[in-house]
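A short worksheet on the structure shown next.
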Amino acid sequence: MKIDTKPRSDSSNILKIHRSQNHTFNIRHDVVSYFYNKLHFHPEIELIYIIEGKGRQFIGESVFHFKEGDMLLVGANVPHLWRADERYFNKEANLTMQAYVMHFLPDCLGDYFLNLPENKGIRELIFNKAPLSVRIKDECKERVVELMQLLLTAADNRRIILLLEILNTIASHKKNIRTICENQVQFDNAKRDEGDKMNQIYQYILNNFHHEITLEQIAKIAHMTPNAFCRYFKSRIKKTFSGFLMEVRIGHAAKLLAETNKSVADICFESGFNNFSNFNRHFKLITHKTPLNHRKYYQELIAQRNFALKDQAFHPE
C-alpha cells in the first residue's frame with residue numbers, strides 16, 4: 001500500500017491514496033528521507049504517528065512544529081504540509097524520518113453502521129472533530145500506537161475490528177485529545193486549482209519568511225492584485241496573510257529558543273523581525289510567554305527528562 005505523490009490529472013494537489021481492492025482502508029510504515037513537503041489534501045482522514053523526525057507542520061489554519069512522538073488525526077480534505085528541518089535535505093547527513101500512516105474515508109464503515117446509537121462517539125470524532133484535526137496524547141496515544149502496529153500485519157475482518165478499536169479509543173479518551181484548528185479549513189476537490197495556488201504561496205513563505213515579504217510580492221506569486229490576494233487568502237485559511245506570516249516567524253523563533261543557545265537578539269533577526277521590541281510583543285501575544293521564559297520552560301523540561309532517564313538507568317524495573 002502506498003500514497004501516490006504524483007497529483008491527479010484533475011487537480012495538482014489532491015493526492016490519490018492507493019489501496020488494495022481487498023482493503024477498505026490502508027496503513028503503512030514510512031521510512032523516508034523526509035515527508036511529502038507540498039501542501040496537499042485528500043478525501044481520506046489521515047492518522048499519523050511520527051516515530052522519527054522533526055520539522056514544521058501546517059494543518060488547516062494552524063502552524064506548529066512536529067517531532068518524534070506526535071500523533072495527529074487530520075480531517076478529510078483539510079490541507080496539510082510537512083516540512084522537514086533543513087538537515088534532513090542534506091544527503092550526507094544520512095538522516096531518515098519514520099511514521100505510521102493510516103488513511104480511511106469518513107464513510108468507509110457505512111452510513112447505517114455509523115448512525116447506530118452506540119457509535120455516537122465515533123460519529124462525532126469523524127464528522128465534528130476530525131475536520132478541525134486532532135492531537136492525541138498520553139495513554140490514548142500509547143494504546144493507538146499498539147493498535148496501529150497490530151494493524152500493519154492484520155488480515156481480513158481483523159483489520160475492521162482494529163480500525164473500530166482505534167476510533168473508539170480516540171473518541172472515548174476526551175481528556176487526551178484536543179482539536180488543533182479553530183475553524184474548519186477544507187478544500188474542494190472538485191476545483192482544479194484549489195490547492196496548487198495555495199501551495200505556491202506556502203512554499204514562498206517558507207523560503208522567504210526570514211526576510212521582508214511585502215503584500216505586492218506575495219500577491220505577484222498568486223498572480224493577483226494585493227486586494228484580491230488578501231480576500232483570497234483569508235477565504236481559504238480563515239486568517240489574514242500578515243497574521244499567518246507572523247505565526248510562521250514566531251514558530252521559527254520558538255523552535256530556535258528551545259533547541260539552540262543563540263541569543264534572543266540573533267533569533268529575532270533570523271526569524272524575519274527588524275525590531276526587537278516588536279518581536280518581543282508579538283512573541284508574547286502568540287505564545288503567552290516572553291522569549292526568555294519560553295527558553296527557560298524548555299530548558300527545565302529537558303533537565304527533567306534527563307533526570308528521569310538517569311534515574312531509570314540506576315533503578316531499572
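The values are calculated or read from the model by the stated rules, or taken from the named source; none is laboratory data. What you are looking at is a predicted structure, and each value in this text was computed from that prediction instead of being measured. Cβ sites come from the backbone with ideal geometry, for glycine too, and all protein chains shown count toward neighbours. Calculation scope for accessible area: heavy atoms of the full protein, side chains included, ligands and nucleic acids excluded. Shrake-Rupley method; radii C 1.70, N 1.55, O 1.52, S 1.80 Å.
Using a 1.4 Å probe over the heavy atoms of the protein chains, calculate the carbon and sulfur portion of the accessible area of the range 138-184 as a whole percent.
Roughly 43 percent, rounded to a whole number.
Counting each DSSP H run of 4 or more residues in the chain as -39500 (n - 2.57), what helix-only mean residue ellipticity at 222 nm follows after dividing by all residues, to the nearest 500 deg cm²/dmol?
Details: 11 runs with 133 residues, N = 317.
Computed ellipticity for the chain at 222 nm equals -13000 deg cm²/dmol.
So how many Lys-Lys pairs in the range 36-128 land under 28 Å Cα to Cα, not counting same-chain pairs under 8 apart?
Values: 38/54; 38/67; 38/91; 54/67; 54/91; 67/91.
Count of close lysine pairs: 6.
May I ask you to rank 230, 108, 181 by accessible area, largest first, using a 1.4 Å probe over the protein chains only? Walk me through the numbers before you get to the answer.
Numbers: 230 55, 108 35, 181 10 Å².
Output order, biggest surface exposure first: 230, 108, 181.
Of the candidates 301, 132, 150, which one comes out as most mobile in a Gaussian network treatment of the chain with C-alpha springs shorter than 10 Å?
Judging by the Gaussian network model, the answer is 301.
What is the Cα coordinate range of the range 118-163 on the first, second and third principal axes, sorted by size from largest, in whole angstrom?
30, 25, 18
Applying 1/(1 + (r/R0)^6) with R0 = 41 Å to the Cβ-Cβ distance of residue 235 and residue 52, what FRET efficiency is obtained, to the nearest 0.05? Don't skip to the end; give the middle numbers.
Numbers: r = 37 Å, r/R0 = 0.89.
Step by step, r from the Cβ atoms, then E = 0.65.
At 0.36 nm per residue, minus the direct Cα-Cα distance, what do residue 260 and residue 137 gain on full extension? Give it in nm, one decimal, please. Don't jump to the answer; show the numbers that get you there.
On the way: separation 123, 0.36 × 123 = 44.28 nm, distance 2.57 nm.
Length gained between residue 260 and residue 137: 41.7 nm.
Based on Cβ point charges of +1 for Lys and Arg and -1 for Asp and Glu, what charge dipole magnitude is obtained for the chain about its Cα centre, in debye rounded to the nearest 20?
It comes to approximately 640 debye.
In the calculated pair distance distribution of the chain, what percentage of Cα-Cα distances lie above 28 Å? Present the calculation step by step, with values, prior to reporting the outcome.
On the way: 22680 of 50086 pairs.
Everything past 28 Å amounts to 45 percent.
Given axes a ≥ b ≥ c from the Cα gyration tensor, I'd like to know whether the range 103-233 is rounded (a/c under 1.5), prolate (a/b larger than b/c) or oblate.
Numbers: a/c = 2.60, a/b = 2.22, b/c = 1.17.
Cα axes put the range 103-233 in the prolate bin.
Taking 0.36 nm per residue of sequence separation and subtracting the Cα-Cα distance, how much length would be gained by fully extending the chain between residue 304 and residue 32, in nm to one decimal?
Details: separation 272, 0.36 × 272 = 97.92 nm, distance 3.12 nm.
So the chain would gain 94.8 nm between residue 304 and residue 32.
Considering Cα pairs under 8 angstrom that are at least six residues apart, work out the relative contact order of the chain and quote it in whole percent. Could you put the intermediate results ahead of the total?
On the way: 509 pairs, mean separation 52.3, N = 317.
Computed over the chain, the figure is 16 percent.
Could you please state, rounded to a whole Å, how far the C-alpha centre of the range 150-194 is from the C-alpha centre of the range 22-71?
12 Å
Would you list which aspartates and glutamates come within 14 Å of residue 255, measuring only between C-alpha atoms, while excluding same-chain residues fewer than 8 positions from it?
Counting by Cα, and skipping residues close in sequence, residue 255 has these aspartates and glutamates nearby: 85, 86, 247, 266, 270.
Could you please report the charge total around residue 293, scoring K, R as +1 and D, E as -1 over all other residues with beta-carbon less than 15 angstrom from its beta-carbon? The partial results should precede the final answer.
Values: positive: 281, 284, 289, 295, 296; negative: 300.
The answer is +4.
For the chain, modelled as a GNM with alpha-carbon contacts under 10 angstrom, which of 144, 32, 185 fluctuates the most?
32
Given a 1.4 angstrom probe, I'd like the percentage of the accessible area of the range 198-247 that is carbon and sulfur, rounded to a whole number. The partial results should precede the final answer.
Working: 1350 of 2550 Å².
For the range 198-247, the apolar C and S fraction of the accessible surface comes to 53 percent.
For the range 38-128, with only Lys/Arg (+1) and Asp/Glu (-1) charged at the beta-carbon, what is the dipole magnitude about the Cα centre, in debye rounded to 20? Please list the in-between numbers first.
Numbers: 9 positive and 13 negative charges, 60 e Å.
The dipole magnitude comes to about 280 debye.
For the chain, with every protein chain kept in place, what is the accessible area per residue (1.4 Å probe, Å²)?
Values: 16880 Å² over 317 residues.
Ligands and nucleic acids excluded, the figure is 53 Å² per residue.
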